[in-house]
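Worksheet: one structure, shown below.
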Amino acid sequence: MPHPDHLILTSPDLSKGMDYVENLLGIRPVFAGQHPGLGTHNALLSLGNRTYLEVIAPDPKQGFDKNKLWITIEDTPAPRLAHWVAQTDQLEVIVAKAKEHQIPLGDIRPGSRTQTDGTPISWKATFPAVENFGGLLPFFINWGNSLHPSESLPLAGSLKKISATHPNPDLIQKYWRAFGIPYEIHYGAHPQLHAWIQTKKGLIKLGS
């Protein structure tokens, strides 16, 4: 089974996204850096067990058209739990499996950024700018020899559960099973990802 790597909350503004998470989880995400050439920047918190929470927003310094970002960021009042990412050391196998089951998964691309302490990190991931069914179909990442971001971040809690709703839950369940993903999915009028995080404040649910 692919291991959850990180949850992505999208926000039109990074500071507002950081405020939202701090109010919810009781700890403020730390600014992590820019995604050069992609138009976004982010802030992170560890969820333990090589898992983390990412707040991602358009980076004004890069001057990208928000409609041309590599990831869809809706202009909503509150940040949205919009995507999740699965960790694997077998990206090519995952892509082959997607083709076998006719699952619309992006091609493998390299990525990198420089952390605030000047340390570069890099990865390879399936590019998410394809049909992902409202964020329910994960993209997959391999960190290679880079230090995993969760290992140098403040700990916000631990990820206990992921689930989802979708107008066609059987289809998403079929795709998840093809990748060995065991999470529950139920009918809902709109696609929505849900995650439960155990914190010092108690069990907190992300995703309305």
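Of the set (1) farther than 20 Å from Leu47 by Cβ; (2) surrounded by fewer than 19 Cβ atoms within 10 Å (Cβ to Cβ), all apply to Thr116 but (1).
Of the residues examined, Leu193 is one that is touching a residue at least 40 places away in the same chain (Cβ under 8 Å), surrounded by 14 or more Cβ atoms within 10 Å (Cβ to Cβ), closer than 18 Å to Phe133 by Cα and touching a Leu at 6+ places or on another chain (Cβ under 7 Å).
Per this entry, Ala78 is not counted among residues that are aliphatic (A, V, I, L, M), in contact (Cβ under 8 Å) with a residue 12 or more places away in the chain and touching a Lys or Arg at 6+ places or on another chain (Cβ under 8 Å).
Each row is one residue, and each column tells you yes or no for (1) crowded, with 19+ Cβ neighbours inside 10 Å; (2) at pLDDT 95 or above; (3) touching a Cys at 6+ places or on another chain (Cβ under 8 Å).
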| residue | (1), (2), (3) |
| --- | --- |
| Pro12 | no, no, no |
| Gly39 | yes, no, no |
| Thr51 | yes, yes, no |
| Val55 | yes, yes, no |
| Lys61 | no, no, no |
| Ile71 | yes, no, no |
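Tell me the residue from Gly33, Gly48, Gly37 that is in a strand (DSSP E or B) and of a type in the set (Gly, Ala, Ser), please.
Gly33
Residues in the stretch 60-106 that are in contact with a Gly (Cβ under 6 Å, 6 or more places away or on another chain) and not hydrophobic (A, V, I, L, M, F, W, C): Gln62, Pro79, His83. Of the residues screened, Ile121 is one that is buried (at least 18 other Cβ atoms within 10 Å of the Cβ), in contact (Cβ under 8 Å) with a residue 24 or more places away in the chain, more than 22 Å from Gly135 (Cα to Cα) and not charged (D, E, K, R).
Applying a threshold of 6 Å to beta carbon distances and a minimum spacing of six or more residues, or different chains, the list of pairs starting in the stretch 158-174 at a residue that is under 21 Å from Leu25 (Cα atoms) and ending at one that is small (Gly, Ala, Ser) and surrounded by fewer than 17 Cβ atoms within 10 Å (Cβ to Cβ) reads Ser158/Gly48. For the stretch 74-87, enumerate the residues that are part of a loop (DSSP other than H, G, I, E, B) and surrounded by fewer than 21 Cβ atoms within 10 Å (Cβ to Cβ). Hits for the stretch 74-87 are Glu74, Asp75, Thr76, Pro77, Ala78.
Selection of the stretch 125-170 for residues being more than 21 Å from Trp196 (Cβ to Cβ) and exposed (fewer than 15 other Cβ atoms within 10 Å of the Cβ) yields Phe127, Ala129, Val130, Glu131, Gly144, Asn145, Ser146, Leu147, Glu151, Pro167, Asn168, Asp170. Across the stretch 104-139, the qualifying residues are those that are part of a strand (DSSP E or B) and small (Gly, Ala, Ser), and the one among them that is nearest to Ala164 (Cα to Cα) is Ala125.
The values are calculated or read from the model by the stated rules, or taken from the named source; none is laboratory data. Predicted, not measured: the structure shown is a model, and the values here were computed from it. Virtual Cβ from ideal backbone geometry, glycine too; neighbours counted across all protein chains shown.
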